[in-house]
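Notes for the one structure printed next.
The values are calculated or read from the model by the stated rules, or taken from the named source; none is laboratory data. All values derive from a computational prediction rather than experimental measurement. Cβ placement follows ideal geometry from the backbone for every residue including glycine, while neighbour counts extend to all protein chains displayed. The area values use the complete protein model at the heavy-atom level, side chains included, leaving out ligands, DNA and RNA. Shrake-Rupley method; radii C 1.70, N 1.55, O 1.52, S 1.80 Å.
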Amino acid sequence: MSDTTTKVRASLKKRYAAEKRFRLYGVTAIAASIGFLFILLFSIVGKGLPAFKSTFVKLDVQLDSATLGISDEPTEAELRAANFGGLIKQTMRDRFPEVSSRGDKKALYQLLSTGAEYELYDKVKADRELLDSTISLWLPADDELSALIKSDADLSNPDSIVTRMSDKQIAWAKSLKDAGQLEVRFNRTFFTNGDSREPELAGIRAALMGSAFTLLITFALSFPIAVAAAIYLEEFAPQNRWTDIVEVNINNLAAVPSIVFGLLGLAVFINFFHLPRSAPVVGGIVLSLMTLPTIIISSRAALKAVPPSIREAARGLGASPLQVVTHHVLPLAMPGILTGTIIGLAQALGETAPLLMIGMVAFIVDIPASVTDAATVLPVQVFLWADSPERAFVEKTSAAIMVLLVFLVVMNALAVFLRKKFERRW
Amino acid sequence: MNTAVATDTIDTSFIPRDPVKDSAQEAFHKLTETVGTPTVENAKMRSRDVNVFYGEKQAIFDVNLDIGNNEVVAMIGPSGCGKSTFLRCLNRMNDTIPSCRVTGDLSLDGEDLYGADLDPVLLRARVGMVFQKPNPFAKSIYDNVAYGPRIHGLSSNRAELDDIVVDSLRKAGLYDEVKDRLDAPGTSLSGGQQQRLCIARSIAVSPEVILMDEPCSALDPIATARIEELIDELRQNYAIAIVTHSMQQAARVSQRTAYFHLGKLVEVNATNDVFTNPQHELTENYITGRFG
């Protein structure tokens, strides 16, 4: 046996062992990350799912003009001022005639959401014919009652239930449930309402629209500017000290903490240019500043990856420098540019800190209808709800995170679709 | 012409000491003027005293070489001898290298290549180029060939464009192989077909000169034979300059051969003469395989 053979043979075992060990590290790393991801998803989905359902109480409401305190032919103003709250209280008292003391009555009223009277008002406003008739109506329950019903607890054994409700309230709830007057339904309110102090009335719509508007502005500003900058730097700019400085600064900008961009937005766009506070337009501008370097850097990498032979071929045929870029280089670099853009936008979607500085941390009840309306965004909404004391906001928080994740997944899916569409081999 | 070349700036120390090569080195240092006949009557492209610098480093020394109509000029020489650099001066492809500087006179039909009247874009439409590695665009076969005519507006309607594409593919000897799949991507073709597609693409612009930079170096002998046949046919209509590493190829396709050595043009003569009766010692060493 030659010397080489002996030596190689002796070292083989060690080499394969090293490879095996390395593979093991890799598998462990992947397993660990999948594990953590599952724990995260499991905990969020587990906590958040109940938020997509809410409990309703069925009541037979007698729409008595006298109780409402309005005339037979009420005007708009009269209707708005009508005592729907009193009517609902009356209905509840009628349902439970045995309740007499002041404190008990108050406890009884607490079973229903404060939003119930608005629901009733909307109903009557839409159809005046309902006045002076008795209608059967499903009204939203209070968050405590809702949580109790959703948890499927044994209402006949109040001691076993962990709740802030009193034993009496639990007994009433049992009575309602036995009479089939309680029902758990899909929580439409969560997707149609803005924020609210009452968990059962709080919805994600305002934050969702705010995020959509903000991202729209971010994309509209950062994508064209970043791609143009990347193309100029990569394809046209002379290599000198100035371009070096620009390059270094772009890289530095990518590493600037995001809250600094928020301070900049506050100082420049709100204090100097007097753009509206809490508005997606300012949020979008601030986030585009933050996203720009990410997209520029990845776009430059994508442009650099296009083989020089393609450029030479086009140039050799007499294409002008701009034609070389727009006809050949850009289409080939597009998938990479889109990937960078989506990474930047996903980062912008999840950003909270800079938005706190420009006032997008507000309590927004109205759904923003344009980019200048006051709005908040999904991550800020998550932050606000996580800070709220009511127990029902715990599930809302997780549900909002789920909506945020779905938003992200939809965005990524769109990017993958676009990338597949533009992807061409060379 | 060809005076006082700074040969001492070239590092020739890598050439091993051996009697034959020592004499070659001596011959190289003595070389001040190109042997043979670098000029022709009614030249299509003319170059006089061309020097090319990459930053401080000089790559080409006082080259004079004409390319006549309807002839193929082969440029041979060892790696790094500057033949590709010289070729790329002929359609100003070196422009994009920031450190590259070209001095001397280069002209196409008497027009100065580096003059104000001749824009590089126009020049490259008149002087086509085929590269070492086939580089079709990531487009269909049709669009690859139609690209040049499209950007230069050579056709007024689709039918005319179709004619140009079919005609160019025919001239490149590719039409029969691809006529049923003009919509297929250019990159789906084999290496030899891709190179013929690139030739079709450059002749679609109806250039006056075609430059070829080692067009067959990435191809097998059969594909090479087809391209060589094609070059011979194209000679009827175009002036062609070809850089090649294969002396057999130079012998087969060219009418005149130029031998470059370390940035200098050593010898230019009719191909037959260069290979059967080289005038210069360096040329002889190279073609007999003793050198380079």
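Data table
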{"item": "Distance (nanometres) between label positions extended 7 Å along Cα→Cβ at B:Asn277 and B:Asp109", "result": "3.7 nm"}
{"item": "Spin-label model distance (nm) - A:Ile225 vs B:Ile97, 7 Å beyond Cα toward Cβ", "result": "3.8 nm"}
{"item": "Size of charge dipole - the stretch B:184-244 - debye, nearest 20, with Cβ of Lys, Arg +1 and Asp, Glu -1, no other charges", "result": "200 debye"}
{"item": "Contact surface A-B: accessible area buried, both sides summed, square angstrom, 1.4 angstrom probe", "result": "1800 Å²"}
{"item": "Rounded to whole Hz, the Karplus (6.51, -1.76, 1.60) HN-Hα couplings of the stretch A:226-240, x for glycine and proline", "result": "5, 5, 4, 4, 4, 5, 4, 5, 7, 10, 10, 5, x, 7, 9"}
{"item": "Too-long pairs where the Cα-Cα distance tops 25 Å, listed order kept, from A:Lys53/A:Lys177; A:Lys123/A:Lys174; A:Lys47/A:Lys89; A:Lys421/B:Lys179; A:Lys106/A:Lys177", "result": "A:Lys123/A:Lys174; A:Lys47/A:Lys89; A:Lys421/B:Lys179"}
{"item": "Gain upon complete extension [A:Arg419, A:Ser175; 0.36 nm per residue less C-alpha separation]", "result": "82.0 nm"}
{"item": "For B:Met75, distant residues with modelled amide H under 5 Å away", "result": "B:Ile242, B:Val243, B:Thr244, B:Ala258"}
{"item": "Kirkwood-based shape ratio for the stretch A:53-193, expressed as Rg/Rh from alpha carbons", "result": "0.99"}
{"item": "Largest-first ordering by accessible area, 1.4 Å probe, given options A:Val57, A:Val184, B:Val35", "result": "A:Val184, B:Val35, A:Val57"}
{"item": "Relative contact order for chain A, counting Cα pairs under 8 Å that sit 6 or more residues apart, in percent", "result": "19 percent"}
{"item": "Net charge of neighbours whose Cβ lies under 13 Å from the Cβ of B:Gly68, counting Lys and Arg as +1 and Asp and Glu as -1", "result": "-1"}
{"item": "Rg [Å, one decimal], Dmax [Å, integer] - the stretch B:137-230, C-alpha atoms", "result": "12.7, 40"}
{"item": "Accessible surface of the stretch B:40-287, 1.4 Å probe, proportion on carbon and sulfur as whole %", "result": "44 percent"}
{"item": "Kirkwood-Stokes translational diffusion coefficient of chain B, alpha-carbon pairs, 37 °C, 0.692 mPa s, µm²/s", "result": "166 µm²/s"}
{"item": "Simple spin-label estimate for A:Asp132 and B:Asn51 in nanometres, 7 Å along Cα-Cβ", "result": "11.1 nm"}
{"item": "The stretch B:242-292 versus the stretch A:302-375: alpha-carbon centroid distance in Å", "result": "53 Å"}
{"item": "Under 5 Å, built H, 5+ apart or other chain: amide partners of B:Val35", "result": "B:Glu267, B:Val268"}
{"item": "B:Glu214 accessible area, assembled protein chains, probe 1.4 Å, Å²", "result": "20 Å²"}
{"item": "Max mean-square fluctuation residue, GNM over chain A, Cα-Cα springs under 10 Å, options A:Phe213, A:Phe236, A:Phe407", "result": "A:Phe236"}
{"item": "Accessible surface of A:Ser309 - all protein chains present, 1.4 Å probe, nearest 10 Å²", "result": "40 Å²"}
{"item": "Chain B: most fluctuating residue of B:Leu282, B:Leu90, B:Leu123 per GNM, C-alpha cutoff 10 Å", "result": "B:Leu123"}
{"item": "Set of lysines near B:Lys264 by C-alpha distance (under 24 Å), chain-local residues within fewer than 8 positions excluded", "result": "B:Lys21, B:Lys30, B:Lys44, B:Lys57, B:Lys83"}
{"item": "Alpha-carbon Rg/Rh ratio, for the protein assembly as shown, with Rh computed the Kirkwood way", "result": "1.21"}
{"item": "Shape box of chain A [Cα atoms, principal axes, largest first, Å]", "result": "100, 67, 37"}
{"item": "Within the protein assembly as shown, percent of DSSP bridges classed antiparallel, to nearest 5", "result": "65 percent"}
{"item": "Rounded to the nearest 10 Å², the accessible area of B:Ser140 at probe 1.4 Å", "result": "20 Å²"}
{"item": "Neighbourhood net charge (14 Å Cβ-Cβ; Lys/Arg +1, Asp/Glu -1) for A:Ser388", "result": "-4"}
{"item": "In sequence order, calculated HN-Hα J values of the stretch A:359-373 (Karplus, 6.51, -1.76, 1.60; Hz; x Gly/Pro)", "result": "x, 8, 9, 6, 7, 10, 8, 7, 6, x, 10, 8, 6, 9, 6"}
{"item": "Value of relative contact order over chain B, rounded to a whole percent, pairs C-alpha under 8 Å and six or more apart", "result": "27 percent"}
{"item": "Within a Gaussian network of chain B (alpha carbon springs, distance under 10 Å), most fluctuating of B:Gln193, B:Gln249, B:Gln236", "result": "B:Gln236"}
{"item": "In Hz, Karplus ³J(HN,Hα) per residue of the stretch B:90-100 (6.51, -1.76, 1.60; θ = phi - 60°; x = Gly, Pro)", "result": "6, 10, 6, 6, 6, 4, 7, 8, x, 7, 7"}
{"item": "Pairwise FRET efficiency - B:Glu33 versus B:His245, Cβ, R0 = 25 Å, nearest 0.05", "result": "0.45"}
{"item": "The protein assembly as shown - charge dipole about Cα centre, Lys and Arg +1 at Cβ, Asp and Glu -1, debye rounded to 20", "result": "2020 debye"}
{"item": "Charge tally in the Cβ shell below 10 Å around A:Glu144, where Lys, Arg are +1 and Asp, Glu are -1, A:Glu144 excluded", "result": "-2"}
{"item": "Amide hydrogen neighbours beyond the local backbone of B:Lys139, cut-off 5 Å, H modeled", "result": "B:Gly186, B:Thr187"}
{"item": "Percentage relative contact order, the stretch A:318-426, counting C-alpha pairs under 8 Å, at least six apart", "result": "35 percent"}
